[in-house]
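Worksheet for the structure shown next.
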Amino acid sequence: MLNPRRSSFRLPLVLAACLSFSACGGPTALQQALRPLPERVELTDVPAFPERAYQGAPTALASLLVQQGVDTSPGLLAKALQLPGAEDRLQQNMLAQINSHGLLAYPLQPNMQALLEQVAAGLPVLLRFNEGMAWVDMPRYAVLVGYDRAEQTLLLRAGNSRRWQTSFSSFDSAWHSAGAWAVLVLAPVQLPAKVDAQRWSQAADEVARAGYKEAAANARRTLQRGTPQQ
């Protein structure tokens, strides 16, 4: 079992971290940008499945699909993702699985502010980071469920841990080394914080291609209204 304070994940260190994250003489650009957000958030209702197999992809995806009401499990998703054997298409297959349930996979901008704005709005984030040393490519999928601005720490559903904690700087390095990929899993009647119309429309198009034309149309109507249905 992973200790939520000290995990077995060894994230790369950033030698120049003080330029972006620590208090080296005053607030950083990130700290300034995050000031409008709540100081501390934890999304406790996101399901957790303690499992590390297949880079944690079935586990992380199951957490968000189950939260959206899909009846599934990491075991079922491993089969749907064609694992083992399709590791080279894992990210593509994960997006296809999201769309196959009539849900949108909404991509986020590759910066920490974009991630934390969504968590502050109550939306967990599916993402990928590199586990291990900086020179070893060991991708791992996880779900971002919380943060603490004062402590500059994040909480993730990762591997065997329900509340794996890491620092802003360590995570940012590990996340960007894996491509800074992050998406929301949303129903057509949900909108992300600060929705980008083009990215939302593209996500709706993918749902339509998966055969859920009415869900895609509903997503477009939600965007036009500007607020999600209750």
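The values are calculated or read from the model by the stated rules, or taken from the named source; none is laboratory data. Not measured: the values here are computed from a predicted model. Cβ sites come from the backbone with ideal geometry, for glycine too, and all protein chains shown count toward neighbours.
Which of (1) out of contact with any Ser or Thr (no Cβ under 8 Å at 6 or more places or on another chain); (2) among the β-branched types (V, I, T); (3) under 15 Å from S169 (Cα atoms) is the odd one out, the single condition V125 does not satisfy?
Among (1) out of contact with any Ser or Thr (no Cβ under 8 Å at 6 or more places or on another chain); (2) among the β-branched types (V, I, T); (3) under 15 Å from S169 (Cα atoms), the lone unmet condition for V125 is (3).
State whether one or more residues within the stretch 128-136 are part of a loop (DSSP other than H, G, I, E, B), out of contact with any helix residue (DSSP H, G or I) (no Cβ under 7 Å at 6 or more places or on another chain), free of Cβ contacts under 8 Å to residues at least 12 places away in the same chain and surrounded by fewer than 22 Cβ atoms within 10 Å (Cβ to Cβ).
Yes, the conditions are met somewhere in the stretch 128-136.
Here is a list: L76, L83. Which entry is in contact with a helix residue (DSSP H, G or I) (Cβ under 9 Å, 6 or more places away or on another chain), more than 25 Å from R221 (Cα to Cα) and surrounded by 16 or more Cβ atoms within 10 Å (Cβ to Cβ)?
L83
So, in the stretch 32-43, of the ones that are touching a strand residue (DSSP E or B) at 6+ places or on another chain (Cβ under 8 Å) and assigned to a loop (DSSP other than H, G, I, E, B), which residue ends up farthest from P124 (Cα to Cα)?
E39
Within the stretch 27-44, does at least one residue satisfy the condition of being closer than 21 Å to F171 by Cα, at pLDDT below 95, surrounded by 20 or more Cβ atoms within 10 Å (Cβ to Cβ) and of a type in the set (A, V, I, L, M, F, W, C)?
yes
Based on what the data block shows, is L64 touching a strand residue (DSSP E or B) at 6+ places or on another chain (Cβ under 7 Å), at pLDDT 95 or above and either part of a helix (DSSP H, G or I) or more than 30 Å from E151 (Cβ to Cβ) (or both)?
Taking the combined requirement at face value, the residue satisfies it.
So M94 clears everything in (1) without any contact (Cβ under 8 Å) to a residue 60 or more places away in the chain; (2) under 12 Å from V183 (Cα atoms); (3) in a strand (DSSP E or B) except one condition, right? Which one?
Condition (3) is where M94 drops out.
Take the conditions at pLDDT 95 or above, not polar (S, T, N, Q) and not in a loop (DSSP other than H, G, I, E, B) and apply them to L77. Does it pass?
So L77 passes the test.
Among the listed residues Q152, Q113, which satisfies the condition of being touching a residue at least 40 places away in the same chain (Cβ under 8 Å) and in contact with a strand residue (DSSP E or B) (Cβ under 7 Å, 6 or more places away or on another chain)?
The match here is Q152.
Does the stretch 13-25 include one or more residues that are surrounded by fewer than 16 Cβ atoms within 10 Å (Cβ to Cβ) and modelled with pLDDT of 85 or more?
Within the stretch 13-25, not a single residue is surrounded by fewer than 16 Cβ atoms within 10 Å (Cβ to Cβ) and modelled with pLDDT of 85 or more.
Return yes when G122 is at pLDDT below 95 and within 25 Å of D148 (Cα to Cα) and no when it is not.
no
Out of everything in the stretch 45-61 that is within 16 Å of the chain's Cα centre (by Cα) and part of a helix (DSSP H, G or I), what residue ends up being surrounded by the fewest Cβ atoms within 10 Å (Cβ to Cβ)?
This residue is Q55.
Starting from the stretch 202-230, keep only residues that are modelled with pLDDT of 95 or more, then list their pairs with residues that are of a type in the set (D, E, K, R) whose Cβ atoms are within a distance under 7 Å, requiring at least 6 positions of separation or different chains.
A204/R220; A216/D205
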